[in-house]
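The block underneath contains the structure these notes are about, expressed in structure tokens.
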Amino acid sequence: MTQTGVRRVLRRIGFAAAVLLALAAAAIALRLAFWPSARTRHYDVPRATVDVPVDPAAIARGGHLAASVAACTICHGDDLGGRLAFDDPLLGQGYTPNLTRGRGGIAASYDVADWVRALRDGVGRDGRGLLFMPVDHYRHLSDADLGALIAYFRSLPPVDNERTALALTPIAKALIDLGLSGDVVRAATIDHRAPPPRPPRDAGAYLVEIGGCTFCHGTSLTGGRGLEPGAPRAPDLTRRGRWRQAGEAAFIAAMRGGVTLDGRAIDPRYMPWQAYRRMTDEELRAVWSYLQRLPG
């Protein structure tokens, strides 16, 4: 083929690529015009409250939930003053909110209804959905435990940290807006007019639910994968999985030490064992007992 012919073919390829890009851009524009992004939508959430205790025992209960079961400290830091949760050249930087009364914190301006809306519906004071907030699990918190959590948040020493915003790249925003990043805005999946589900009566089931185990291990806990880029497949936790043969002691040791059955370290980026290890022996035994009753 002559050079003139090559140039002609390249022009045709370039024209075809430009047409495809234009069609893709038009499709994206139409998609967002008729189906607003979960990231920018406003959610109408009825204001609701719970009783917030003031006694030390209840506040301690809230602190235990935040540090171990609900694992709030994994994202918001041990002092809950917010921290850099992820830094990715493709997706941007993710700073988590400061939950204290310090400079840049939200506790000074949040009333009880604001806390309930954030924790049960995943919606901030501006009416927009909170990104990466696992409220589909926190919705199962009992009123008493939700009140204890709020009491604990309001009792926190102030932390001055004003760098708590998400700095997402256009690519990350587009992935969320087009629904290609998974359910990172859980507010979009919740019926905000429906009452919150009743907490499971079984102690182990309750801990598994509010601890978010199904996020990675699947709705039936038979195995799955989290939303984080690079997340490994999570194992089957039911009685048909390898953990049943390992036994309760091995399960508790793995939760306390962050190791798999074959001795490999569990990456805390994908499995928040550094929070779960703070659960009591009674709680871990309750979780183990529940998992062994699952059919698989």
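The figures follow:
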quantity: Estimated Rh, segment 241-296: Kirkwood, alpha-carbon pairs, angstrom; calculated: 11.7
quantity: Average silhouette area of segment 203-293, convex hull of alpha-carbon atoms, in square nanometres; calculated: 5.3
quantity: Segment 253-286: trypsin sites (Lys or Arg not before Pro) in DSSP loop, at most 12 other beta carbons within 10 Å; calculated: R264
quantity: Descending principal axes extents, segment 110-222, alpha-carbon based, whole Å; calculated: 44, 41, 26
quantity: Nearest-ten-degree value, helix 143-155 long axis tilted from longest Cα axis of the chain; calculated: 80
quantity: Residue exposure sequence - I74, I171 - by fewest surrounding Cβ within 10 Å; calculated: I171, I74
quantity: Computed over segment 148-274, the ratio Rg/Rh where both radii use C-alpha atoms and Rh is Kirkwood; calculated: 1.01
quantity: Check: segment 203-293 dipole with +1 on Lys, Arg Cβ and -1 on Asp, Glu Cβ, in debye; calculated: 220
quantity: Simple Cβ-charge dipole of segment 111-198, Lys/Arg +1 and Asp/Glu -1, about Cα centre, in debye nearest 20; calculated: 100
quantity: Charge-dipole axis of the chain as Lys and Arg at +1 and Asp and Glu at -1 on Cβ define it, positive-most pick from M133, L146, Y206; calculated: M133
quantity: 3J(HN,Hα) from dihedral phi, segment 254-265, Karplus parametrisation 6.51/-1.76/1.60, rounded to Hz, x for glycine, proline; calculated: 5, 5, 7, x, x, 10, 7, 4, 8, x, 7, 6
quantity: Largest-first ellipsoid semi-axes for segment 56-189, taking √(5λ) over the Cα gyration tensor eigenvalues, angstrom; calculated: 25, 17, 13
quantity: Contour minus Cα-Cα distance for D51 and D202 (0.36 nm per residue); calculated: 52.0 nm
quantity: Debye, to nearest 20: dipole size of the chain, +1 on Lys, Arg Cβ, -1 on Asp, Glu Cβ; calculated: 1240
quantity: Choice from A249, A71, A144 with maximal GNM fluctuation in the chain (Cα, 10 Å cutoff); calculated: A249
quantity: Spatial extent of the chain: Rg and Dmax, with the Cα atoms as the point set, Å; calculated: 22.6, 86
quantity: Dipole of the chain, positive direction: furthest Cα of V54, G94, L65, with charges on the beta-carbon; calculated: G94
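We did not get these values from a lab; they are worked out from the coordinates using the rules stated. This structure is a prediction, so every number in the text was calculated from the model and none was measured. All Cβ positions, glycine included, derive from the backbone under ideal geometry; neighbour counts span all protein chains shown.
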